[in-house]
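The next block holds one structure in the form of structure tokens; read it before the comments.
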Amino acid sequence: MATPNNGSKRAEIPQSESPKQTLPVKELPKAPVTLQPLSYRLPEMPREFRGVWIATVANIDWPISSVDSWEKQKRDFIGLLDYYKDLNFNAVIVQIRTAGDSFYPSNYAPWSKYLTGKQGKAPATSENPLTWMIKEAHDRGLEFHAWLNPYRATMDLKTEELSPEHDFNQHRNWMLKYGTKWYYDPGLPEVKEHLLKIIKEVVDNYDIDAIHFDDYFYPYREGKLEFPDKASYDKYKKSGQSRDDWRRQNVNELIFALNQTIKSSKPWVQFGISPFGVWRNQNKDPKGSPTQAGQTNYDDLFADVLLWMKNKWIDYLIPQLYWSMNHRLASHRTLADWWSNNSFGIPIYIGHGPYKIREDSDEAWKNPAEINTQVNYARTLPQVHGSAFFSAKSIYQKNQDIAKMLKNEVYDQPTLPPSFEPKQKAIIEIPVVLDVKSNLNKTQISLEKPLDPAIRYAMVQGGNDLASLHDAVIHTAWVGGSRARFLEVASLNTEYLAIRWIDHYGRIVQTQVFQTPKLSRP
């Protein structure tokens with residue numbers, strides 16, 4: 001059909017060319033550019049255990065009052081943590097079971113009256129107190145050692161105040177009355193199994209660094225009163241076995257089984273014990289210490305501490321050397337030497353008793369330098385790797401001049417606690433940092449891929465000068481073995497960034513120093 005001519009001039013299209021088409025171009029994603037660590041090496045951080053016991057029994061240290069609100073109790077706990085963090089401590093040993101009770105929801109024990117005012121009464125919060133305490137400690141770079149008392153069932157004879165859930169009411173046949181308290185009978189196999197379940201519940205459900213026992217195994221002797229365990233002794237003793245040896249066997253079996261229970265669940269969780277300061281007096285055993293202690297671990301508490309170390313059933317030991325340096329009957333100096341020489345390769349930390357400062361008949365405790373002298377002496381001993389202090393309030397609510405001396409003269413720099421070697425070697429993937437971004441509130445460290453679950457936490461420092469970077473404030477980013485893709489710390493708008501990656505055993509997997517991209521800073 002002919003096209004009508006409307007008078008317009010048509011453009012001629014050359015027959016040899018086709019119309020050009022513009023095709024969409026798909027941009028390929030750019031490969032992420034990772035930050036490259038500098039070759040600069042930070043100096044090694046010193047290693048020394050610096051722990052403090054936070055006793056909850058009888059509200060010694062915390063909570064200050066069992067009838068305070070949970071919010072007030074939280075503020076008080078944070079106050080303790082911040083105080084000891086500022087003193088350059090690196091571990092808290094927190095009592096979470098005092099006498100058949102618990103500071104966490106448990107299938108095996110009622111809530112502690114020292115937390116809520118009445119045994120069995122839950123705290124008025126949806127938070128789990130133990131989960132919260134662990135996180136607050138870890139956020140400050142403090143190890144959390146969960147301290148439990150195994151055999152003490154009550155603190156007095158007022159059994160009418162016990163919860164129906166307490167083992168006294170659930171398993172009356174497990175209980176023995178001795179002096180002014182009730183105790184679990186260590187000779188009963190079902191008691192041992194029950195205690196293993198209690199520990200396993202804590203290890204499985206909480207991100208703790210250690211399970212910790214103190215010096216209460218069989219109770220300290222009260223005059224000529226005999227612990228009333230004849231029935232279980234007659235039933236379970238071996239032929240010809242003395243009652244003393246049978247009692248030691250009961251405790252040994254618990255310690256051995258506990259080690260297996262802990263390590264089979266989480267091999268990195270330490271098992272530490274803080275026994276009475278004297279194993280045996282030399283007049284009873286030539287291998288003992290030249291002391292004249294009224295009671296001893298082996299002969300009175302039936303705790304064969306040396307056997308536990310020799311067999312590697314525990315990871316550390318904190319003997320309670322709560323005497324002055326040159327005490328006549330039990331010298332701190334002599335006992336520190338003795339434990340260092342009888343450690344069987346197990347790390348020894350010295351237990352100090354600052355609660356005696358200005359409150360003891362021993363004149364030495366009037367000397368404000370006594371604690372510093374003890375800590376400095378411990379540092380001269382080859383098998384001693386740190387100290388712990390009983391208890392938190394003794395240089396917190398009072399004796400703050402002693403705490404100041406401790407920080408200024410002895411604990412003037414932060415340290416890492418000792419590391420441990422796993423039984424099985426493993427290859428840990430080194431983290432690769434993708435980017436660092438800072439705003440006014442926080443610094444975010446992005447990673448190329450999720451962290452190896454063997455990484456437990458990172459220690460981050462920022463500075464504008466490489467030479468002083470290692471002296472900068474340490475910020476701890478705790479990941480607890482999760483496969484995190486990024487870390488957050490307080491804002492570090494700095495030229496350089498240092499990251500130490502630390503595994504579950506406390507070992508530094510890698511130390512990296514970066515020059516932070518300028519575009520990533522506010």
Inside segment 252-274, the number of residues satisfying the requirement of being under 15 Å from residue 212 (Cβ atoms) and either part of a helix (DSSP H, G or I) or free of Cβ contacts under 8 Å to residues at least 12 places away in the same chain (or both) is 6
Select from segment 460-514 the residues that are over 26 Å from the mean Cα position of the chain (by Cα), hydroxyl-bearing (Ser, Thr, Tyr) and under 19 Å from residue 40 (Cα atoms) and list them in ascending order. 468, 494, 496
Here is a list of conditions, (1) surrounded by 16 or more Cβ atoms within 10 Å (Cβ to Cβ); (2) within 21 Å of residue 143 (Cβ to Cβ), and residue 482 meets all of them except one; can you say which number that is? (1)
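This table checks each residue for (1) among the basic types (Lys, Arg); (2) in a helix (DSSP H, G or I); (3) in contact with a Ser or Thr (Cβ under 9 Å, 6 or more places away or on another chain).
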site	(1), (2), (3)
121	yes, no, yes
131	no, yes, no
141	no, no, yes
163	no, no, no
183	no, no, yes
187	no, no, yes
I'd like to verify a number: residues in segment 394-421 that are within 30 Å of residue 454 (Cβ to Cβ) and either at pLDDT 95 or above or touching a Leu at 6+ places or on another chain (Cβ under 9 Å) (or both), how many? 9
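Quick grid of which residues meet (1) of a type in the set (Val, Ile, Thr); (2) in contact (Cβ under 8 Å) with a residue 40 or more places away in the chain; (3) in contact with a helix residue (DSSP H, G or I) (Cβ under 6 Å, 6 or more places away or on another chain); (4) farther than 23 Å from residue 47 by Cβ:
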position	(1), (2), (3), (4)
388	no, yes, no, no
399	no, yes, no, yes
408	no, no, no, no
418	no, yes, no, no
Helices (runs of 4 or more DSSP H) enclosed by segment 299-400 - at least 1 residues per element that are touching a Phe, Trp or Tyr at 6+ places or on another chain (Cβ under 7 Å): 305-310, 332-341
How many residues does segment 95-131 hold that are open to solvent by less than 40 Å² (accessible area, probe 1.4 Å) and closer than 19 Å to residue 212 by Cα? 15
Pairing a residue in segment 51-62 that is under 22 Å from residue 411 (Cα atoms) and outside any strand (DSSP E or B) with any residue that is modelled with pLDDT under 95 and open to solvent by 20 Å² or more (accessible area, probe 1.4 Å), where Cβ atoms lie under 6 Å and the two sit 6 or more apart in sequence or on different chains, gives none
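Evaluate the following for residue 200: is it assigned to a helix (DSSP H, G or I) and within 18 Å of the chain's Cα centre (by Cα)?
Details: assigned to a helix (DSSP H, G or I): yes; within 18 Å of the chain's Cα centre (by Cα): yes.
Yes; evaluated as a whole, the condition is true for this residue.
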Can you pull out the residues in segment 428-444 that are open to solvent by less than 40 Å² (accessible area, probe 1.4 Å) and out of contact with any Pro (no Cβ under 9 Å at 6 or more places or on another chain)? 428, 431, 443
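Yes/no matrix, rows are residues, columns are (1) surrounded by 19 or more Cβ atoms within 10 Å (Cβ to Cβ); (2) in contact (Cβ under 8 Å) with a residue 60 or more places away in the chain; (3) among the aromatic types (Phe, Trp, Tyr):
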position	(1), (2), (3)
142	yes, yes, no
145	yes, yes, no
151	yes, yes, yes
158	no, no, no
169	no, no, no
188	yes, no, no
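Do the conditions hold for residue 82, that is, is it surrounded by fewer than 21 Cβ atoms within 10 Å (Cβ to Cβ) and among the charged types (D, E, K, R)? Before you say what the answer is, go through the steps one by one.
Numbers: surrounded by fewer than 21 Cβ atoms within 10 Å (Cβ to Cβ): yes; among the charged types (D, E, K, R): yes.
Against the criterion (surrounded by fewer than 21 Cβ atoms within 10 Å (Cβ to Cβ) and among the charged types (D, E, K, R)), residue 82 qualifies.
The values are calculated or read from the model by the stated rules, or taken from the named source; none is laboratory data. Just so we're clear, the structure is a prediction, and the values are computed from it rather than from any experiment. Heads up, the Cβs are rebuilt from the backbone with ideal geometry, glycines too, and the neighbour counts pull from every protein chain shown. Please note that ligands, DNA and RNA were not included when accessible areas were found on the heavy atoms of the full protein model with its side chains. Shrake-Rupley method; radii C 1.70, N 1.55, O 1.52, S 1.80 Å.
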